[in-house]
There are 2 protein chains.
Amino acid sequence: MQYHLGMADTQPLVAALDQAGYRLTETRRAVAELIAEREGHFTAADLVGEARDRRLGIGRATIFRALDLFADLNVLERLDLPTGEHAYVPCEPAHHHHVVCSRCGRTTEAQDHGLQVVVDDIARRTGFAIETHRLELYGICPACRATPAR
Amino acid sequence: MQYHLGMADTQPLVAALDQAGYRLTETRRAVAELIAEREGHFTAADLVGEARDRRLGIGRATIFRALDLFADLNVLERLDLPTGEHAYVPCEPAHHHHVVCSRCGRTTEAQDHGLQVVVDDIARRTGFAIETHRLELYGICPACRATPAR
DNA sequence: GCCTGTACCGAGACTGGATCTCAGCAAAAG
DNA sequence: CTTTTGCTGAGATCCAGTCTCGGTACAGGC
């Protein structure tokens with residue numbers, strides 16, 4: 001079975017599967033392709049629709065399973081957009097945060113220099129033992145800033 | 001129609017409706033009561049169940065509408081828990097962040113002293129014009145820390 | 001190259017949260 | 001009191017995500 005897809009870089013996704021000992025199936029490569037072709041964030045429904053349009057014959061459940069898997073391997077992160085939608089973004093496995101363009105939806109990763117101080121401060125003030133945190137930023141990306149608002 | 005509920009403080013919720021020019025209906029007061037009685041976060045399903053148990057005769061849709069309304073008025077915030085659940089927390093209208101206890105679910109508000117510096121730094125590095133941000137912290141609250149892990 | 005155990009897959013039923021529709025009702029204004 | 005308009009309940013509907021299960025194909029051993 002061959003899917004004849006494009007050339008987008010699936011390497012990080014596929015490599016993560018391999019390293020973690022998961023099977024490198026054609027289906028998973030195809031899902032990796034669909035993900036790699038995307039710019040910005042996407043929803044599970046986007047991928048399901050795309051797979052259906054291209055007659056790839058990939059089941060709905062399989063796409064959700066692949067997304068969960070990539071998320072577990074930290075090469076994909078699940079975002080909760082302000083609208084309430086759930087979206088996914090491919091990313092590096094290291095701890096970081098996302099900056100989301102509220103116009104075009106593209107995302108960038110950001111290091112949280114100095115955030116630890118803020119977290120520690122909040123821990124001290126509230127008495128909580130902070131285990132994890134999540135910072136999401138929304139704004140207009142450089143490309144969209146360069147073009148007049150549509 | 002009277003609902004005969006308790007004495008929890010619904011004032012901030014009701015006042016927000018009034019100020020924004022919405023009608024102060026018995027139903028909305030009742031939903032405000034249900035919210036005010038809660039500790040920590042709660043889900044829409046919690047309120048729907050509570051209303052049904054008490055035979056308040058409030059429809060499912062009405063509860064969702066009220067939640068949306070309060071959220072728009074910034075007296076209620078919708079949280080996306082790490083589990084994927086959607087929860088609500090009553091809060092002050094001012095900008096702030098939430099600290100959620102991952103054991104008992106209680107929440108506290110926190111000021112983001114120093115966070116603006118981090119946000120500005122990320123804006124400079126990424127070139128984004130940051131409009132809003134959301135910081136959520138998860139940890140163990142003082143009360144839960146005081147009791148041995150169950 | 002072939003066999004075998006097991007991970008993986010597709011299809012479709014199922015679940016549960018959230019939304020929509022619409023006729024009836026009730027709050028605020030005159 | 002009457003009118004206007006916003007609000008409400010019931011239930012249909014929608015849709016994301018999960019589960020089940022029979023069948024498939026990968027990887028490792030021979």
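The values are calculated or read from the model by the stated rules, or taken from the named source; none is laboratory data. Bear in mind the structure is a predicted one, so any value in this text is a computation, not a measurement. Ideal geometry is used to build each Cβ from the backbone, glycine not excepted, and the neighbour counts take in all protein chains shown. The area values use the complete protein model at the heavy-atom level, side chains included, leaving out ligands, DNA and RNA. Shrake-Rupley method; radii C 1.70, N 1.55, O 1.52, S 1.80 Å.
Restricting attention to segment A:84-104, the residues that are away from DNA strand D (no atom under 12 Å from the Cβ) and either farther than 21 Å from B:G127 by Cα or not in a strand (DSSP E or B) (or both) add up to 9. For B:T108, the requirement of being facing chain A (nearest Cβ under 7 Å), more than 16 Å from the chain's Cα centre (by Cα) and assigned to a strand (DSSP E or B) is not met. Of all residues in segment A:80-104, those that are at pLDDT 90 or above and open to solvent by less than 40 Å² (accessible area, probe 1.4 Å) total 10.
Among the residues making up segment B:111-150, those that are at the interface with chain A (Cβ under 7 Å from one of its Cβ atoms), of a type in the set (S, T, Y) and more than 20 Å from B:H41 (Cα to Cα) are B:T126, B:T132.
The residues of segment B:15-37 that are open to solvent by less than 30 Å² (accessible area, probe 1.4 Å) and within 9 Å of DNA strand C (Cβ to nearest atom) amount to a single one, B:L17. From the list A:T62, A:T147, the lone residue that is over 30 Å from B:R145 (Cβ atoms) and in the same structural domain as A:A15 (by TED's automatic domain parsing) is A:T62. Of everything in segment B:105-150 that's within 22 Å of A:D121 (Cα to Cα) and charged (D, E, K, R), which residue is least open to solvent (accessible area, probe 1.4 Å)? Checked segment B:105-150; the qualifying residue least open to solvent (accessible area, probe 1.4 Å) is B:E136. Whether a residue is open to solvent by 30 Å² or more (accessible area, probe 1.4 Å), more than 13 Å from DNA strand D (Cβ to nearest atom) and part of a loop (DSSP other than H, G, I, E, B) was assessed, and A:E77 does not pass this test. Of the residues making up segment B:38-71, those that are surrounded by 14 or more Cβ atoms within 10 Å (Cβ to Cβ), of a type in the set (F, W, Y) and within 13 Å of DNA strand D (Cβ to nearest atom) number 1.
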